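Quick notes on the structure that follows.
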Amino acid sequence: MSVAPTCRLCAGPVREWMDLGRQPASNAFPRPDETDAERFFRLAVGICAECTMVQQLEAMPTDHMFRADYPYRSSTSDGLRRHFEAVAGWLRDTELTDRADLVVEIGCNDGAMLGVLGASGVRHLGVDPSAGAARTAVARGAEVRVGFFDEVSAAAIRAERGPAKVVFSANTISHVADIGTVFRGVDRLLTSDGIFVFEDRYVADIVEYAYFDQIYDEHFYLFSVRAVDAMVARFGFELVDVERIPIHGGSLRFTVARPGARPRRASVGRMIDEEAQTAIGEYDTYLRFARQIERVGADLVALLTDLRDAGRRVVGYGATSKSATVTNFCGIGPDLVPFICDTTPEKQGRLSPGMHIPVRPHAAFADPYPDYALLFAWNHAEEIMAKERHFVAQGGRWILYVPHVHIV
Ligand code: DWN
Ligand code: SAH
Ligand code: ZN
């Protein structure tokens, strides 16, 4: 008899709703001579019957995902750069009463947020194991401790620099399976009136718009308001605010404080009620989602196969982490998509994880233009389509696969 997997947060039973198969680390782009060393794991997702947290059933080892050469850079998109500039301005103008207040960012990457805060003279520290990204952050004027944020590094930071008024994190907390160590670290670090603000994708948007490619190794948890509310309470904090933000197709900004330190805004209860009405904490919702994912995958392969058989050229646009799920789940290799163009130098000249589609510089896109571009970076669609107007003007078409396969 097999034992049911248990929730990483509350130890309740986790019911699996989908197995997306054998998947590689979504940001490990091998060189052509390195493909033998690729590691795979079973990408399966479930929902906890007790606290409703959506989570993976098996985890890719952390040190394999987040290495010194982790290639993702937040600043590759103008939209994200502007977003993080705005976050820095908001923290500086509304949350920091004194320049001497310390801000700590977990997963600061290339300093898109922290570089801006640092330039305003705010006392700060970023923590990120991606040494390459951290170098760029330092060049932007941010101070970075290269390594993982956990209760041990948090205690060391507290001893060296004193408490933090704000701990900020974007698209990182959901990546840490052992999330308890993050919260115990925040507990050691935060002042009595401090706030822990984190942004991450919203599972309700993922389900509503069928953003199935937001499921990959790094996204160990997919957050709902109800599950995060229970999670932070378990670690001795209170969720005091939640706000929708239009990042990565639909995200939430959670504000967490020590219990009673700040009034709890009405948005928290309102969103938990909304989630109850749309059954976002229920297993059946995800079973329906799983069936939709199967359908989208089959439709995409059918379209790409038809286009190839008709002699049309299709190129991938944006070697996103998300594209690892799409290509590996659907079995899309270089026969259907001969290359993916991407502006990130760290990804160019390498192969896509698992399916080994070559990644080429952006210049390859127009040399010559393909008939169709498969938009893996759909979350930056507006920015990219504006930039590539000439592609469409000369007859090119975009293929999108969310919320269903369509050509624009
Ligand atoms: O949560 C995460 C987010 C913040 O970033 C991480 N787990 C990993 C990563 O996810 P992603 O790779 O899906 O992120 P993006 O922002 O969708 O990646 C966009 C990719 O497309 C980058 O490789 C850059 C590239 N790109 C491009 O080639 N031309 C992007 C733009 C805007 C462009 O014009
Ligand atoms: N905050 C940026 C980057 C997100 S990608 C943005 O929103 O665009 C996730 C980042 O988290 C990577 O840079 C990765 O190296 C970092 N990371 C992963 N686990 C971490 C941990 N335990 N502590 C600190 N950073 C971590
Ligand atoms: Zn649980």
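For the chain, modelled as a GNM with alpha-carbon contacts under 10 angstrom, which of Leu375, Leu304, Leu189 fluctuates the most?
Of Leu375, Leu304, Leu189, the Gaussian network model singles out Leu304 as fluctuating most.
In the chain, what cysteines have no partner Cβ closer than 4.7 Å?
Singleton cysteines: Cys108, Cys330, Cys341.
If I take every Cα pair under 8 Å that is 6 or more residues apart in the stretch 94-253, average their sequence separation and divide by the length, what percent do I get for the relative contact order?
19
Calculated FRET efficiency, Glu143 and Glu294, Cβ-Cβ r, R0 51 Å, to nearest 0.05?
0.60
Going Cα to Cα from Lys322, which lysines come in below 23 Å? Please leave out same-chain ones fewer than 8 positions away.
By straight Cα distance, Lys322 reaches Lys347, Lys387.
Compute for the chain: radius of gyration divided by Kirkwood radius, i.e. Rg/Rh, restricted to C-alpha atoms, rounded to two decimals.
For the chain, the value is 0.96.
Kindly rank 202-213, 342-353 from highest to lowest mean number of other beta carbons found within 10 Å of each residue.
Highest mean packing first, the order is 202-213, 342-353.
Given labels modelled 7 Å from the Cα in the Cβ direction, how far is it in nm from Arg82 to Arg397?
Taking the simple label geometry, Arg82 and Arg397 are separated by 3.0 nm.
May I ask for the distance between the Cα centers of the stretch 47-77 and the stretch 116-169, given as a whole number of Å?
Between the Cα centre of the stretch 47-77 and that of the stretch 116-169, the gap is 20 Å.
Can you tally the net charge around Tyr286? Count Lys and Arg as +1, Asp and Glu as -1, for every other residue whose Cβ sits under 12 Å from the Cβ of Tyr286.
The answer is 0.
Among Ala279, Ala28, Ala37, which one shows the biggest mean-square fluctuation in a GNM of the chain, springs joining Cα atoms closer than 10 Å?
Between Ala279, Ala28, Ala37, it is Ala37 that shows the largest mean-square fluctuation.
In nm, what is the difference between 0.36 nm times the number of residues separating Glu282 and Glu50 and their Cα-Cα distance?
So the chain would gain 82.5 nm between Glu282 and Glu50.
Using the crude model of +1 on Lys and Arg Cβ and -1 on Asp and Glu Cβ, and no other charge, please compute the dipole size for the stretch 340-400 relative to its Cα centre, in debye to 20.
It comes to approximately 80 debye.
Among rounded, prolate and oblate, which fits the stretch 351-404 when a ≥ b ≥ c are the square roots of the eigenvalues of its C-alpha gyration tensor, a/c under 1.5 means rounded, and a/b larger than b/c means prolate?
oblate
Would you calculate a helix-derived [θ] at 222 nm for the chain, using -39,500 (n - 2.57) for each DSSP H run of n ≥ 4 and dividing by the full residue count, to the nearest 500?
The helix contribution divided over the chain gives -9500 deg cm²/dmol.
Sketch the reach of a paramagnetic label on Arg99 as a point 7 Å from Cα along Cα-to-Cβ, and name the residues of the stretch 152-183 whose backbone nitrogen lies under 12 Å away.
Zone members listed by number: none at all.
Using a 10 Å cut-off on Cβ atoms, rank the peptides 268-276, 159-167 from the highest mean neighbour count down.
Packing order, densest peptide first, comes out as 159-167, 268-276.
What number comes out for the charge environment of Ser169, summing +1 per Lys or Arg and -1 per Asp or Glu over other residues with Cβ under 12 Å away?
So the environment of Ser169 carries a net charge of -3.
Grab the other residues whose beta carbon is less than 11 angstrom from that of Cys10, score K and R as +1, D and E as -1, and report the net.
+1
Throughout, read-outs are computed from the coordinates displayed, never taken from laboratory work. Because the structure is predicted, anything quoted here is derived from the model rather than measured. FYI the Cβ positions are ideal-geometry reconstructions off the backbone, even for glycines, and counts take in every protein chain you see.
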